[in-house]
Amino acid sequence: MSFRSVVALTAVGFALWAVASPAHATFHFMQIEQVVGGVGGNTAAQAIQLRMRSGSQNFVSQSRIRAFDATGANPVIIINIASDVPNGLLGDRVLITTAAFNSLTSPTCVPNFTMTNPIPASYLAAGSLTFEDDSGIIYWRLSWGGAAYTGSNTGSPTNDANGNFGPPFGSALPTAGASSLRFNGTASALSTTNLADYSITAGAAVMTNNARNSFTITLGACCPAAGGCTEFQSAAVCMASGGVYQGNGTSCASAPCAPTTGACCLPNGSCLADQTAGTCGAAGGAFEGAGTNCGTANCPVTTGACCAANGSCAELVESECDSSGGHFEGLGSVCTPNPCPVVPVGACCTGDGHCHVDPADDCALHGGFYFGDGTNCTTSTCVCFRGDANCDGVLNNFDIDPFVAALLDSGSPTPPEAYEQLVANAGACWEQRGCWADLNCDGSFNNFDIDPFVNCRINAPPPGAPCECAG
């Protein structure tokens, strides 16, 4: 066969190869240029940017991206690219992002494709990412995690002269801030090693789509409504939570939040530091204003000791003391030691048959019978024995004359002489006349009690029982 025939057959062979293998010829010269594992700690916000090493590499519909764990196992298809992109010059990009990533850039990111699955969070510390065709030929591999990554570093020699992309990049994919892991070489550069070729961007990453539009990750400090400061937040996320965005690229150190806490003056003159207006009010204090501190706050004393009639003490404001019936001892006075005089108290029976523990003077003021200092109310202290006019505990005819004597001078504060001559314990019994003499239970002792008394004598109750109330 002549040399010319050999040349012709070779040309035909190459032509047939080109027709039969269009995918291999139209996307395989490609770099994984940038990877974002997370933004501001949000690992749901991810981005992968491919860059064409040659022209006419935009027919990517038969390619895919896969992720592997730290051992190079458990592959996950990040995306199976199903369509081509329009621009295919040297250096043109293909941008793939998660939906959560797009709102964290300025302007809002418009990717070429949306990730079917993000890189698993457990792969971000150490793992591997491959750009390959649908049959599994790896055209570019990016591994990270240093010695923690123990999987394969190999791939096709199409973009790496020896087909070994290792050793891996020395640390994890960036997730905490706004950086990316970026290829340092030119658009046409081959891979040497991931360790030598990649670095984490010093500032915010800039991502570019196939339409050649760029999108910068824009994060800054956020001042939440509840106080404090949060870094690495987008303006949208910050303002959606009611916070104040401090600007792109700011930090809590460079743009500190205005204080929302301050000194809180309590009624006793003490001071609580670092309180919000709400927490101060809940503690019963007066908020001195945001940014104030207890070192300069002049907290006035607004409480004092309040003495109750029984000698107990509570530290209250004067108006509270007055409304409780206590005696205010003055601003700044305290209950330790107790400044309140101890007033003896005892059981007091009022005319309605109720018992109260009161001082003797209060009992007398309310027309009650005072049983003596230190006595207590029991279930039988103030039993209202209606009809027992001489207080001997028995209902009989000996109650008639005392009843009549009492009725003739029922309003007297002291027992009438005629009553005293008939009743042994006249003073104490007279104090309880509102109980034994009020037969119609209208709260008074008068002529309207006569008929019920007579009826009780005619129709006497069982022994030991009082007359029934005729009201």
Report summary line: Percent relative contact order for the chain, counting Cα pairs under 8 Å at least six residues apart, stands at 8
Query - Estimated distance in nm for a label pair at Ala424 and Val206, the labels positioned 7 Å out from Cα along Cα-to-Cβ - result: 11.3
Query - Sites Leu90 and Ala240, calculated FRET efficiency, Cβ-Cβ separation with R0 30 Å, nearest 0.05 - result: 0.15
Query raised in the report: So between Ala99 and Phe448, what do we pick up on full extension, going 0.36 nm a residue minus the alpha carbon distance?
Result: 116.5 nm
**Report entry** Asn376-Thr108 pseudo-label distance in nm [points 7 Å out on the Cα-to-Cβ vector]
**Finding:** 7.5
Query raised in the report: Applying 1/(1 + (r/R0)^6) with R0 = 22 Å to the Cβ-Cβ distance of Ser312 and Ala364, what FRET efficiency is obtained, to the nearest 0.05?
Result: 0.55
Query - Rounded, prolate or oblate (a/c below 1.5 giving rounded, otherwise prolate when a/b exceeds b/c) for the stretch 111-174 by Cα gyration tensor - result: oblate
Query raised in the report: Relative to a virtual label point 7 Å from the Cα of Ala176 in the Cα→beta-carbon direction, which members of the stretch 220-240 show backbone nitrogen distances below 20 Å?
Result: 220-223, 229-234
Report task. Starting with the highest mean, order 112-118, 261-267, 249-255 by the number of other Cβ atoms within 10 Å, averaged over the residues of each peptide. Result -> 261-267, 112-118, 249-255
Query raised in the report: For the stretch 303-343, what relative contact order do you get, as a whole percent, if you take Cα pairs closer than 8 Å and at least 6 residues apart?
Result: 51
**Report entry** Spacing of the two label points (7 Å from each Cα toward its C-beta) at Ile400 and Ala226, in nm
**Finding:** 8.4
Requested in this report: In whole Hz, with x marking every Gly and Pro, tabulate ³J(HN,Hα) for the stretch 179-196 from phi via Karplus 6.51 cos²θ - 1.76 cosθ + 1.60, θ = phi - 60°.
Outcome: 8, 10, 8, 10, 6, 7, x, 6, 4, 8, 5, 7, 7, 10, 9, 4, 4, 7
Requested in this report: Compute the FRET efficiency between Asp274 and Val342 as 1/(1 + (r/R0)^6), taking r as their Cβ-Cβ distance and R0 = 45 Å, and round to the nearest 0.05.
Outcome: 0.60
Query raised in the report: Based on the alpha-carbon gyration tensor of the stretch 15-160 and its eigenvalue square roots a ≥ b ≥ c, which shape applies: rounded if a/c is under 1.5, prolate if not and a/b is larger than b/c, or oblate?
Result: oblate
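Since every read-out is calculated from the coordinates, none of them should be taken as a lab result. All values derive from a computational prediction rather than experimental measurement. Cβ sites come from the backbone with ideal geometry, for glycine too, and all protein chains shown count toward neighbours.
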